[in-house]
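Heads up, the thing below is written out as structure tokens.
The values are calculated or read from the model by the stated rules, or taken from the named source; none is laboratory data. Quick caveat, the model's predicted, so the values are computed rather than measured. A quick note on method: Cβ atoms are made from the backbone with ideal geometry, for glycine too, and the neighbour counts reach across all protein chains shown.
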Amino acid sequence: MHGSRIESGMTSGHLRQRPPSRNGVGASCVALPAGPWPTLMDFLAERFANVSRQTWLERFAHGDVIDEVGQAITPAQACQAPGPAHTRLYYYRDVPNEPRIPFDEAVLYQDQHLLVVDKPHFLPVVPSGGYLAETVLVRLKRQLGLDDLVPIHRIDRDTAGLVLFSKQPSTRAAYATLFRTHQVQKTYHAIAPWRADLTFPLTRASRIQEAGHFMLQHEVPGAPNAVTQIDVLRVRGELALYALKPVTGQRHQLRVHMLGLGLPILHDGLYPTLTPEGQIDYAHPLQLLARELTFYDPVSGDERRFVSQRQLSFVSNES
């Protein structure tokens with residue numbers, strides 16, 4: 001629901017001490033600000049309106065709510081007034097009866113510092129909302145036993161393709177800086193309608209912001225904050241395979257830019273029409289693929305080039 005707090009399996013902010021994962025699931029973190037709440041339970045109930053008080057009581061009972069030094073908080077302590085403002089609380093959550101997503105990630109490369117994954121459509125990168133165990137991060141932590149594994153960047157759950165993970169906290173910032181300073185050349189492939197009246201290659205530059213619904217973005221007047229280079233690789237009937245190179249990294253940038261050109265990406269469940277929540281069609285994945293990543297490794301100095309082994313399909317909605 002728009003405006004509600006959705007629980008995430010990722011921690012946020014500066015952690016004094018990062019609790020270990022439990023069965024691949026990292027601890028979530030919430031700061032305890034100064035406020036009018038008479039008890040910690042009241043604060044949690046307001047902060048996470050979509051989580052019942054009974055769920056919190058069960059977490060306390062199982063030792064899944066801990067303080068900054070890793071000590072479990074008891075139900076009695078939880079019903080007392082919170083301590084000093086801006087302390088941190090860690091908690092482990094689960095998703096009861098979470099269905100398995102019937103597609104598997106593939107590890108393409110790993111060394112001491114990096115792990116490169118070829119993600120399937122429909123599988124989220126990190127826990128959020130109703131997705132926890134069925135995410136790339138938790139699956140890999142369980143399979144490989146890498147508790148320090150953290151994604152360096154993200155792609156949408158609907159998008160397939162390359163995701164880079166950091167294995168070492170000591171070198172994580174160096175790789176993250178590459179993405180933050182746009183030193184990584186990204187190439188996506190997409191299948192969308194063909195328009196003979198457009199001249200390619202072209203550059204789409206516009207201003208993108210939230211569209212009034214937390215799931216959607218749109219283009220608005222103003223100084224551009226999103227730039228994408230677009231070219232055509234192949235035309236097949238009324239559809240074409242496009243190469244998309246984002247210069248910036250706005251949320252849903254590629255999907256919004258293609259829609260703005262009158263070229264909505266095939267099987268897009270958000271643009272131009274928002275599909276109701278829970279209606280997942282595994283037979284028709286979004287035809288968007290994070291195809292290639294190229295950069296100079298900040299640790300070794302070597303040029304790195306990774307290419308997804310996945311392919312898109314020209315099969316249309318009517319087939």
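Counting only helices (runs of 4 or more DSSP H) that sit wholly inside segment 8-97, not one has at least 3 residues that are within 29 Å of P169 (Cβ to Cβ), of a type outside the set (A, V, I, L, M) and modelled with pLDDT of 85 or more.
Considering each of A283, A192, A205, A226 in turn, give the residue that is without any contact (Cβ under 8 Å) to a residue 40 or more places away in the chain, in the same structural domain as L114 (by TED's automatic domain parsing), of a type outside the set (S, T, Y) and surrounded by 18 or more Cβ atoms within 10 Å (Cβ to Cβ).
Just one listed residue meets the conditions, A226.
Remark: V220 falls outside the filter, which requires a residue to be in the same structural domain as H182 (by TED's automatic domain parsing) and within 23 Å of A196 (Cα to Cα). Only one entry in L114, L57, L144 is touching a residue at least 60 places away in the same chain (Cβ under 8 Å), surrounded by 14 or more Cβ atoms within 10 Å (Cβ to Cβ) and of a type outside the set (V, I, T), namely L114.
Residues in segment 204-228 that are assigned to a strand (DSSP E or B) and either in contact with a Phe, Trp or Tyr (Cβ under 7 Å, 6 or more places away or on another chain) or farther than 19 Å from L288 by Cβ (or both): A205, R207, Q209, E210, V220. Does A174 satisfy the condition of being more than 30 Å from L149 (Cα to Cα), outside any loop (DSSP other than H, G, I, E, B) and touching a residue at least 60 places away in the same chain (Cβ under 8 Å)? No.
Is it fair to say H62 is within 25 Å of the chain's Cα centre (by Cα) and either in the same structural domain as K167 (by TED's automatic domain parsing) or exposed (fewer than 13 other Cβ atoms within 10 Å of the Cβ) (or both)? So H62 does not fit the description; no. Of the candidates L233, L293, L261, the single residue that is closer than 22 Å to K119 by Cβ, surrounded by 14 or more Cβ atoms within 10 Å (Cβ to Cβ) and either at pLDDT 95 or above or of a type in the set (F, W, Y) (or both) is L293. Just one of the listed residues (R157, R100) is buried (at least 16 other Cβ atoms within 10 Å of the Cβ) and either among the basic types (K, R) or in a loop (DSSP other than H, G, I, E, B) (or both), and it is R157.
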